[in-house]
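A short worksheet on the structure shown next.
The values are calculated or read from the model by the stated rules, or taken from the named source; none is laboratory data. None of the values given here were measured: they were computed from a predicted structure. Ideal geometry is used to build each Cβ from the backbone, glycine not excepted, and the neighbour counts take in all protein chains shown.
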Amino acid sequence: MVTTTADSVAAHATYEPVIGLEVHVQLLTATKIFCSCSTRFGAPPNSNVCPVCLGMPGALPVLNKKVVEFATLAAMALECRINETSIFARKNYFYPDLPKGYQISQYDKPLAENGFIEIPAGKGKKKIDITRVHLEEDAGKSLHEGFPDSDEKTAIDLNRTGVPLIEIVSEPDIASPDEAYEYLTRLKEIILYTGVSDCNMEEGSLRCDANVSVRPRGQKEFGTKAEIKNVNSFRFIREALEYEIGRQIGVLESGGKITQETRLYNSNEGKTYSMRSKEQAHDYRYFPEPDLPPLVVDEKWKAEIGRGMPELPEARRARMVKDYGITEYDAHVLTSPKSLADQFEEAAKAAKNSKRVANLVQSELMGRLKAKGIEIEQSPISMKGVAASADLVEAGTISGKMLKELYDLSFERGRDFPVVYEEEGRPQQSTDTAVLEKLIDEVLAVNPKQLEQYRAGKTTMIGFFVGQVMKASKGQASPQIVNELLGKKLK
């Protein structure tokens, strides 16, 4: 019996999940970790290979210096301690897409250890500890055709063999699928800010395996874990964990035992399926890689790498709140992705009111992008365009209604705001008091019932009159001046 999500929520009063994540991040180097083959994605199968990454007899690996620098920078950003000396090891296993019969990785002496990521938790934050960050080479890719029919065929593409990875292993500190989602979101954000990877999950630049177990609430010993592999989105990881937690609770509640195994998640069915029994670490027969010397990152080299550290997301948010007078929520929205933060800061520094720029990004720009299903990079309105529109509103040249109409036209035409503003003849709010007083007189004359209500004490009717004047002016009247003139008229 497998527990449903609703059942699992009730069962969590008795059981608690324990989750640890292993994240593989492909480093954004031009060449592989131990040879000069290209890491370019999408090349013809088996074209980016050489005797080294194919494991030919006599071919020797040579460590790519840039890989070490990128890995060290990422580990620093994750608050890890960089070990001065780390050791490469052979991880032995046999699989069709691993031509050497082993993978060069790091085992008991990794590049970095003891880091952490903070995630939102209730009204505060929770620290998720990172056990280690280590270097390793990627394996190839098996392409299965015809599955699950009996005539299934498997093709092997070894282009990915030897592509540089860092593996980021968390402690089992994650207590729910939602916390796992937040951890992965923060991790990806930090890595993207460092620039060491593009974290493109569709191309395999970021991959996550989740280890999950359940145990009676209050018990210190861990339960038997299952590993969920090859999940290609954070949303699916959260869904897979929800299902797997419910499945394990269901097994235990019915008197069964959890089998330690590797499972795959089928996103169409929303279920995990057994793939194979899970190997223990000693099954890999780790031993030091004889063809590579110890990796030494001394204090001088570490300091040199550290000088390339950019301002990271949390620090940038805190500074933007201080520098631009925006809320923490505004800062969070405007710093993800980094490209949006860069554009915003450039525009905000040039604008008269940075707060108005922030508000327009969220209230006008982001909503339209979401409705169109496009990212900020494809926005027809640039951040400079947002700043220009903010300045026009700040100066009283255009009204909020006029701005909305101009934004709509920008998206319809696929042109930036300043271009559309010029095309529309540089429209302006009407501030001519004589013209506006005439419009007000006309509105009051044709709405005697509402005027009587106002004079009887229903002062909120002033909003009705403002709306009618704005409508009569086709949105071009200055709301501020209309309010002032109406106040005098109605007295």
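Would you mind listing the helices (runs of 4 or more DSSP H) fully within the range 318-368 where at least 1 residues are among the polar types (S, T, N, Q)?
On the way: elements: 328-334, 338-350, 354-360.
Qualifying helices (runs of 4 or more DSSP H): 338-350, 354-360.
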> For the subset of the range 436-475 comprising residues that are surrounded by 16 or more Cβ atoms within 10 Å (Cβ to Cβ), among the polar types (S, T, N, Q) and within 47 Å of the chain's Cα centre (by Cα), which member is nearest to LYS404 (Cα to Cα)?
Replying inline: SER473
>> Please pick out the residue among GLY218, GLY195 that is surrounded by fewer than 21 Cβ atoms within 10 Å (Cβ to Cβ) and either of a type in the set (Lys, Arg) or modelled with pLDDT under 95 (or both).
In response: GLY218
>> Pairs please, first residue from the range 192-213 and charged (D, E, K, R), second anywhere and surrounded by 21 or more Cβ atoms within 10 Å (Cβ to Cβ), Cβ atoms under 7 Å, 6+ apart in sequence or on different chains.
In response: ASP209/ILE228
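Within the group PHE70, PHE88, PHE116, which residue is crowded, with 18+ Cβ neighbours inside 10 Å, in contact with a strand residue (DSSP E or B) (Cβ under 6 Å, 6 or more places away or on another chain), among the hydrophobic types (A, V, I, L, M, F, W, C) and assigned by TED's automatic domain parsing to the domain that holds ASP138? Spell out how you get there, then give the answer.
Numbers: PHE70 fails: in contact with a strand residue (DSSP E or B) (Cβ under 6 Å, 6 or more places away or on another chain); PHE116 fails: crowded, with 18+ Cβ neighbours inside 10 Å.
Just a single option satisfies the conditions, and that option is PHE88.
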>> Just to be sure I understand the filter: pairs with C-beta atoms under 9 Å, separated by 6 or more residues or on different chains, first member in the range 257-270 and within 11 Å of ASN211 (Cβ to Cβ), second member among the polar types (S, T, N, Q) and part of a loop (DSSP other than H, G, I, E, B). Which pairs pass?
In response: GLN260/THR224; GLN260/GLN280
> in a strand (DSSP E or B) and within 15 Å of TYR286 (Cα to Cα), is that true of LYS91?
Replying inline: yes
>> Show the residue pairs meeting these rules: Cβ distance below 6 Å; 6+ apart or different chains; first residue within the range 312-328 and within 16 Å of ASP342 (Cβ to Cβ); second residue outside any helix (DSSP H, G or I) and not small (Gly, Ala, Ser).
In response: PRO313/THR335; ARG316/THR335; ARG317/THR335
> So which residues in the range 11-34 are part of a loop (DSSP other than H, G, I, E, B), under 24 Å from the mean Cα position of the chain (by Cα) and among the small types (Gly, Ala, Ser)?
Replying inline: ALA30
>> Looking at the range 119-140 only, could you name the residues that are among the basic types (Lys, Arg) and either closer than 23 Å to ARG160 by Cα or surrounded by 18 or more Cβ atoms within 10 Å (Cβ to Cβ) (or both)?
In response: ARG132
> When only residues in the range 91-106 that are of a type in the set (Ser, Thr, Tyr) and crowded, with 18+ Cβ neighbours inside 10 Å count, which is nearest to the chain's Cα centre (by Cα)?
Replying inline: SER105
>> Between a residue in the range 334-360 that is among the basic types (Lys, Arg) and any residue that is modelled with pLDDT under 90 and assigned to a loop (DSSP other than H, G, I, E, B), which pairs come within a Cβ distance under 8 Å, given they are 6 or more apart or on different chains?
In response: LYS352/ALA395; LYS355/GLY325; LYS355/ILE326
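Among the candidates LYS338, LYS257, LYS322, single out the residue that is farther than 24 Å from LYS225 by Cα and exposed (fewer than 12 other Cβ atoms within 10 Å of the Cβ).
Values: LYS338 fails: exposed (fewer than 12 other Cβ atoms within 10 Å of the Cβ); LYS257 fails: farther than 24 Å from LYS225 by Cα.
Testing whether each residue is farther than 24 Å from LYS225 by Cα and exposed (fewer than 12 other Cβ atoms within 10 Å of the Cβ) leaves just LYS322.
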> Inside the range 375-491, counting only helices (runs of 4 or more DSSP H) that do not spill past its ends, which hold 3 or more residues that are touching a residue at least 40 places away in the same chain (Cβ under 8 Å)?
Replying inline: 383-394, 400-413, 433-445, 479-490
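Got a sec? Which of ALA6, ALA30 is at pLDDT 75 or above and small (Gly, Ala, Ser)?
Values: ALA6 fails: at pLDDT 75 or above.
The match here is ALA30.
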>> Looking at (1) assigned to a helix (DSSP H, G or I); (2) under 15 Å from ALA387 (Cβ atoms); (3) not polar (S, T, N, Q), which one does ALA315 not meet, given that it meets all the others?
In response: (2)
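A quick yes/no check of all residues on (1) surrounded by fewer than 18 Cβ atoms within 10 Å (Cβ to Cβ); (2) modelled with pLDDT of 90 or more:
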{"position": "ALA303", "(1), (2)": "yes, yes"}
{"position": "GLY308", "(1), (2)": "yes, yes"}
{"position": "GLN343", "(1), (2)": "no, no"}
{"position": "GLU346", "(1), (2)": "yes, no"}
{"position": "SER354", "(1), (2)": "no, no"}
{"position": "LYS372", "(1), (2)": "yes, yes"}
{"position": "PRO380", "(1), (2)": "no, yes"}
{"position": "MET383", "(1), (2)": "no, yes"}
>> For the range 463-476, check the following and say yes or no: at least one residue is at pLDDT 85 or above and in contact with a helix residue (DSSP H, G or I) (Cβ under 7 Å, 6 or more places away or on another chain).
In response: yes
>> I need a count of the residues in the range 109-146 that are part of a strand (DSSP E or B) and among the small types (Gly, Ala, Ser).
In response: 5
